[in-house]
1. Would you call residue 111 over 19 Å from residue 125 (Cα atoms) and modelled with pLDDT under 95?
2. Quick one: which residue in 107, 51 is closer than 20 Å to residue 30 by Cα and over 12 Å from the mean Cα position of the chain (by Cα)?
3. Among what's in region 124-138 and is over 15 Å from the mean Cα position of the chain (by Cα) and under 28 Å from residue 55 (Cβ atoms), pick the residue that is surrounded by the most Cβ atoms within 10 Å (Cβ to Cβ).
4. Which residue is modelled with the lowest pLDDT, if the candidates are limited to region 43-52 and must be surrounded by 19 or more Cβ atoms within 10 Å (Cβ to Cβ) and assigned to a loop (DSSP other than H, G, I, E, B)?
5. Could you tell me whether any residue of region 70-82 is closer than 19 Å to residue 22 by Cα and within 14 Å of the chain's Cα centre (by Cα)?
6. Out of 10, 58, report the one residue that is outside any loop (DSSP other than H, G, I, E, B), modelled with pLDDT of 95 or more and more than 24 Å from residue 83 (Cβ to Cβ).
7. Being assigned to a loop (DSSP other than H, G, I, E, B) and either surrounded by 18 or more Cβ atoms within 10 Å (Cβ to Cβ) or more than 14 Å from the chain's Cα centre (by Cα) (or both) is the filter here, so list the residues in region 22-37 that pass it.
8. Can you name the condition, by its number, that residue 95 falls short on among (1) closer than 29 Å to residue 35 by Cβ; (2) at pLDDT 95 or above; (3) more than 14 Å from the chain's Cα centre (by Cα); (4) surrounded by 12 or more Cβ atoms within 10 Å (Cβ to Cβ)?
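The values are calculated or read from the model by the stated rules, or taken from the named source; none is laboratory data. None of these values were measured; they are calculated from a predicted model. As a convention, Cβ positions derive from the backbone with ideal geometry for all residues, glycine included, and neighbour counts pool all protein chains shown.
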């Protein structure tokens, strides 16, 4: 498995996760934030640690969900805590392959989800971007 380096810092009583993506400091955001029981994971693309993307939407979905899982775990949450995902795709014709991977990961959780086609993502090689929101049981 490709390593996913997530670092967590505390700011103003919140936990902030960073994956070291080059655009995090430019845009000014965190990979994920935990405030109390709520955890939000920002839009995540399937970029590998070497900066390259897997060639298919299916493989990019799998990688994005691996990064989301690592982010959730770094913030003390689990996939089972996810209540909503949002999936942005550049080719809705790939919905079934993308959805199948989402189902492999979340089929036992059954969060709310939305999948929409967008004209493009910030990186032209990215085919899929996924957000996740979770509520941690206390």
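1. For residue 111, the condition - over 19 Å from residue 125 (Cα atoms) and modelled with pLDDT under 95 - is not met.
2. Unique residue meeting the criteria: 51.
3. Applying the filter and picking the extreme gives 125.
4. Applying the filter and picking the extreme gives 47.
5. Taking region 70-82 as the starting set, the residues that turn out to be closer than 19 Å to residue 22 by Cα are 70-71.
From what's left, within 14 Å of the chain's Cα centre (by Cα): 70-71.
Scanning region 70-82, I find at least one residue that is closer than 19 Å to residue 22 by Cα and within 14 Å of the chain's Cα centre (by Cα), so the answer is yes.
6. On the way: 10 fails: more than 24 Å from residue 83 (Cβ to Cβ).
Answer to the selection: 58.
7. Residues satisfying the conditions are 22, 28, 30, 31, 36, 37.
8. Failing condition for residue 95: (1).
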